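Student: The following block contains the structure, expressed as structure tokens.
The values are calculated or read from the model by the stated rules, or taken from the named source; none is laboratory data. These figures come from a predicted structure and were not determined experimentally. Here the Cβ is made from the backbone with ideal geometry for all residues, glycine too, and neighbour counts use every protein chain on show.
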Amino acid sequence: METSFEYVGWERLYELCFRLYERITRTDFVPDAIIGIARGGWVPARILSDLFFMNETANVKVDLYRGIFARDKGAKVSQSIPDECEWDDPLVVDDVSDSGESMIAALDHLRDRGLNDMKTACLHMKPGTNLVPDFYVEETSSWIVYPWELKEFVFTYATQIAKEDASLEDMEQDLLDLYLPLHYVRFFLEQWKERGGRDAFEMKQ
């Protein structure tokens, strides 16, 4: 089945974070800390910390994805929270619950660090995920392209997805059809070409 893509720009991203915040505030859960899963959860966690007037923030880094389709074997926590963190009701935030492996690995690690009564929140959830977040905004089967990964997506699209004989103009039009911003698309495609194009980046996958 052909993969569909959906680009989320900065304005819509804030709207999604606000809707997530609204859903949380309709419950009796009040977080006393916000933990972002790096790297995808950083920006949503930061926005939520503003909406909650939350100074208690931290992040835990989970390594899982490499590019769009490549995935490491298993999720590995490579960066933890500070030792002095003692919270009763932390909110753990990621951008999307795809397989759910990142969130599961983060929660297991945080439990080992003594945090138990955690709630989870994501902007998007994929059908068939192994972890349904306590709070999420939209369910989608599309591959979501967030604004903080625009260059990575353009490079990966040009290397792995576009037809081998596609010109830069063809790839540019494909990406514009996804509503990606023209200036950045054109700049990143030129940079991709200058750095060796498909041959150079296929070797890095």
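Student: Please work out if residue 137 is among the aliphatic types (A, V, I, L, M), in contact (Cβ under 8 Å) with a residue 24 or more places away in the chain and assigned by TED's automatic domain parsing to the domain that holds residue 180.
Tutor: Considered against the rule, which asks whether it is among the aliphatic types (A, V, I, L, M), in contact (Cβ under 8 Å) with a residue 24 or more places away in the chain and assigned by TED's automatic domain parsing to the domain that holds residue 180, residue 137 comes out as no.
Student: Could you list, in sequence order, all residues of segment 107-145 that are modelled with pLDDT under 95 and among the acidic types (Asp, Glu)?
Tutor: Matches in segment 107-145: 108, 112, 117.
Student: Please go through segment 15-42 and give me each residue that is part of a helix (DSSP H, G or I) and among the aliphatic types (A, V, I, L, M), ordered by number.
Tutor: Answer for segment 15-42, where residues must be part of a helix (DSSP H, G or I) and among the aliphatic types (A, V, I, L, M): 16, 20, 24.
Student: Go through the residues of segment 130-144 one by one and say whether even a single one is closer than 28 Å to residue 55 by Cα, within 15 Å of the chain's Cα centre (by Cα), of a type outside the set (Val, Ile, Thr) and in a strand (DSSP E or B).
Tutor: Yes, that holds for at least one residue.
Student: Also: Pairs under 7 Å by beta carbon, first residue over 20 Å from residue 16 (Cβ atoms) in segment 40-65, partner among the aromatic types (Phe, Trp, Tyr) and surrounded by 16 or more Cβ atoms within 10 Å (Cβ to Cβ), six or more apart or different chains?
Tutor: Final answer for the pair search is 56/87.
Student: Ok, one more. Kindly list, by first and then second residue, each pair from a residue in segment 85-98 that is farther than 20 Å from residue 50 by Cα and touching a residue at least 40 places away in the same chain (Cβ under 8 Å) to a residue that is among the aromatic types (Phe, Trp, Tyr) and assigned to a loop (DSSP other than H, G, I, E, B), limited to pairs with Cβ atoms under 7 Å and residues at least 6 apart or on different chains.
Tutor: Between residues of segment 85-98 that are farther than 20 Å from residue 50 by Cα and touching a residue at least 40 places away in the same chain (Cβ under 8 Å) and residues that are among the aromatic types (Phe, Trp, Tyr) and assigned to a loop (DSSP other than H, G, I, E, B), there is no close pair.
Student: If you take the residues in segment 147-180 that are touching a residue at least 24 places away in the same chain (Cβ under 8 Å) and not in a helix (DSSP H, G or I), which one is nearest to residue 5 (Cα to Cα)?
Tutor: Per the stated criteria, the residue is 178.
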